[in-house]
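Visitor: To start, I am sharing the structure in question, which I have written as structure tokens.
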Amino acid sequence: MEYRKLGRTGMTVSAISLGCEHLQGKDYDTVKTVIDAALDAGVNFLDVFMSEPNVRTNIGRALAGRRKDVMLQGHIGSCWIDGQYTVCRDVDLCRRNFEDLLSRLDTDYIDVGMLHFVDKETDWDALETSDVMQYALSLKQKGVIRALGMSSHNPVTARKAVESGLIDVLMFSLNPAYDLVPKERDLTEVFTEVLEGRKQDFSALVPEPGRAALYRECEARGVAITVMKTLAMGTLLSKERSPLGVALTEAQCISYALSRPAVAAVMVGMQRPSDVAEAMRYWELPADERDHSEVLASLGMFRAVERCMYCNHCLPCPARIDIAAVNKYLDLIELDGRPADSVRQHYLSLDNTASACLGCGACESRCPFHVPVRVRMKQAGEIFGS
């Protein structure tokens, strides 16, 4: 297992973590078997967004005696009302349902308290100054939650939340297809068209600028991203159902998500021990079987921009430069217009800066996106001064 810093929170989480959604409706023995298998495999981070009482109780029972071994991402605003899951913004109902979560999980704190399902810009505008926000901030002040997060599918809304400085963690839907859908298109509509047999042509597209900018903004501010919809509900695993027109493997989808800026963990849905074993196979696979970059490059995506996709296909570097990290810092300046001074310390904290570049070009021969790495390293040295 690989472990990553959860942004600025001070926590460290497993890069592949457990999304518990598919445990709803399962009996206790199944829930315990899956959670035990995940924890035994090194998973230390669980997302529990579900408000249904039985699944909360079963997860709490399964974690008995092991609470100290895990970090929990629990949601504020995911409510159980009249026997149904409901997204709620009534502060009293949010409080009652969050206290129910604590009780059923048999814990007195949640590591990441997620403001649940904030998608529309108007949702965030209302939430930012609401009683629910004040309640969430009071939970953080009291230590009932260690960090404040928000879940969203909308890059514009998510970026406004990140720029507010209020949230520490963003749970976001992230995969290659979503990142390529122009903001003018509705994601659900695109996938419906694919299922109806209407072919999509993404061959000339670059990553949707708003989404790419969101990831960089999170990276710059120390806001961690936890990923949902890694497989686009399984559609990316099927050539017939994927908007990309090719089938990706689960490992390639995980690799893509983990290579995006600011991503700390991919929350993989698991409902049986075999699902845990399949997800953990990721760490055993050779690099070429995990690699997503050649598949995307073969479709012609990104061919015109010669832009780093942070996939690390360029490595190993004989000078041990983290080429993707250098490119991330350059992108913050070139694409987002940040002053160099605001990024320089992050760059200088790298074990080896671009000045160590030997100019051998081995990285360029391996890069599927034809990035002029040597030119980029020279630019970094000139901009950051080392």
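The values are calculated or read from the model by the stated rules, or taken from the named source; none is laboratory data. Note that the structure is a prediction, hence the values are computed from the model and not measured. In this analysis, Cβ positions are derived from the backbone assuming ideal geometry, glycine residues included, and neighbour counts consider all displayed protein chains. Accessible surface is based on the protein model in full, side chains and every heavy atom, while ligands, DNA and RNA are left aside. Shrake-Rupley method; radii C 1.70, N 1.55, O 1.52, S 1.80 Å.
Visitor: Going through ARG159, ARG241, ARG198, ARG185 one at a time, which residue ends up being modelled with pLDDT of 85 or more and open to solvent by 10 Å² or more (accessible area, probe 1.4 Å)?
Guide: Details: ARG241 fails: modelled with pLDDT of 85 or more; ARG198 fails: modelled with pLDDT of 85 or more; ARG185 fails: modelled with pLDDT of 85 or more.
Going through ARG159, ARG241, ARG198, ARG185 in turn, the sole match is ARG159.
Visitor: Go through the stretch 319-359 and count every residue that is without any contact (Cβ under 8 Å) to a residue 12 or more places away in the chain and open to solvent by less than 10 Å² (accessible area, probe 1.4 Å).
Guide: So the count comes out to 0.
Visitor: Another one. Quick one: ALA136 ticks every box in (1) open to solvent by less than 30 Å² (accessible area, probe 1.4 Å); (2) outside any helix (DSSP H, G or I) bar one, so which box is it?
Guide: Checking ALA136 against (1) open to solvent by less than 30 Å² (accessible area, probe 1.4 Å); (2) outside any helix (DSSP H, G or I), the one that fails is (2).
Visitor: Follow-up. Which residue pairs have Cβ atoms under 7 Å apart, sit 6 or more places apart or on different chains, and have a first residue in the stretch 43-71 that is farther than 16 Å from ASN97 by Cβ and a second that is among the charged types (D, E, K, R) and in a strand (DSSP E or B)?
Guide: MET71/ASP111
Visitor: Restricting attention to the stretch 21-42, does a residue exist that is closer than 19 Å to LEU170 by Cα and at pLDDT 95 or above?
Guide: Taking the stretch 21-42 and keeping what is closer than 19 Å to LEU170 by Cα, we get 21.
Keeping just the survivors that are at pLDDT 95 or above gives none.
No: the stretch 21-42 contains no residue that is closer than 19 Å to LEU170 by Cα and at pLDDT 95 or above.
Visitor: Among residues belonging to the stretch 288-339 that are closer than 20 Å to CYS253 by Cα and in contact with a Lys or Arg (Cβ under 6 Å, 6 or more places away or on another chain), point out the one that is modelled with the highest pLDDT.
Guide: CYS314
Visitor: Related question: Quick one: in the stretch 272-285, of everything that is surrounded by fewer than 22 Cβ atoms within 10 Å (Cβ to Cβ) and within 20 Å of the chain's Cα centre (by Cα), which residue is farthest from ASP36 (Cα to Cα)? First the steps, then the outcome.
Guide: Going residue by residue through the stretch 272-285, those that are surrounded by fewer than 22 Cβ atoms within 10 Å (Cβ to Cβ) are 272-275, 277-278, 280-281, 283-285.
Those left that are additionally within 20 Å of the chain's Cα centre (by Cα): 275, 278, 280-281, 283.
Details: ASP275: 13, GLU278: 15, MET280: 14, ARG281: 17, TRP283: 19 Å.
Here the answer is TRP283.
Visitor: Here's another thing I want to ask about it. Cβ-Cβ under 6 Å, sequence separation 6+ or interchain: first residue in the stretch 360-386 and farther than 17 Å from ASP322 by Cβ and open to solvent by less than 60 Å² (accessible area, probe 1.4 Å), partner among the polar types (S, T, N, Q) and part of a helix (DSSP H, G or I). Which pairs?
Guide: PRO368/SER293
Visitor: Mind checking which residues of the stretch 139-154 are crowded, with 24+ Cβ neighbours inside 10 Å and either assigned to a helix (DSSP H, G or I) or out of contact with any helix residue (DSSP H, G or I) (no Cβ under 7 Å at 6 or more places or on another chain) (or both)?
Guide: GLY149, SER151
Visitor: Another question about this same structure. Condition first: aliphatic (A, V, I, L, M) and either in a strand (DSSP E or B) or open to solvent by less than 10 Å² (accessible area, probe 1.4 Å) (or both). Now tell me which residues in the stretch 162-180 satisfy that.
Guide: In the first step, residues of the stretch 162-180 are kept if they are aliphatic (A, V, I, L, M); the result is 162, 166-167, 169-171, 174, 177, 180.
The answer is VAL162, ILE167, VAL169, LEU170, MET171, LEU174, ALA177, LEU180.
Visitor: In the stretch 1-107, which helices (runs of 4 or more DSSP H) lie fully inside it and hold 3 or more residues that are open to solvent by 10 Å² or more (accessible area, probe 1.4 Å) and farther than 19 Å from VAL276 by Cβ?
Guide: Values: elements: 28-40, 53-62, 91-104.
Here the list reads 53-62, 91-104.
Visitor: Can you pull out every residue in the stretch 220-238 that is open to solvent by 10 Å² or more (accessible area, probe 1.4 Å), over 10 Å from the mean Cα position of the chain (by Cα) and among the aliphatic types (A, V, I, L, M)?
Guide: ALA220, LEU231, MET233, LEU237
Visitor: Another question, if that's okay. Filter the stretch 60-78 for residues that are under 17 Å from ALA41 (Cβ atoms) and of a type outside the set (Lys, Arg); which is nearest to the chain's Cα centre (by Cα)?
Guide: The initial filter retains those residues of the stretch 60-78 that are under 17 Å from ALA41 (Cβ atoms), namely 62-63, 66, 69-71.
From the residues that got through so far, the ones that are of a type outside the set (Lys, Arg) too are 62-63, 69-71.
Working: ALA62: 26, LEU63: 24, ASP69: 22, VAL70: 18, MET71: 16 Å.
Out of the qualifying residues, it is MET71.
Visitor: Please go through the stretch 123-138 and pick out each residue that is among the hydroxyl-bearing types (Ser, Thr, Tyr) and either out of contact with any helix residue (DSSP H, G or I) (no Cβ under 8 Å at 6 or more places or on another chain) or on the phi > 0 side of the Ramachandran plot (or both).
Guide: THR129, SER138, listed by residue number.
Visitor: Of the residues that sit in the stretch 108-130 and are open to solvent by 80 Å² or more (accessible area, probe 1.4 Å) and either at pLDDT 95 or above or part of a strand (DSSP E or B) (or both), which one is farthest from GLN141 (Cα to Cα)?
Guide: Checked the stretch 108-130; the qualifying residue farthest from GLN141 (Cα to Cα) is THR129.
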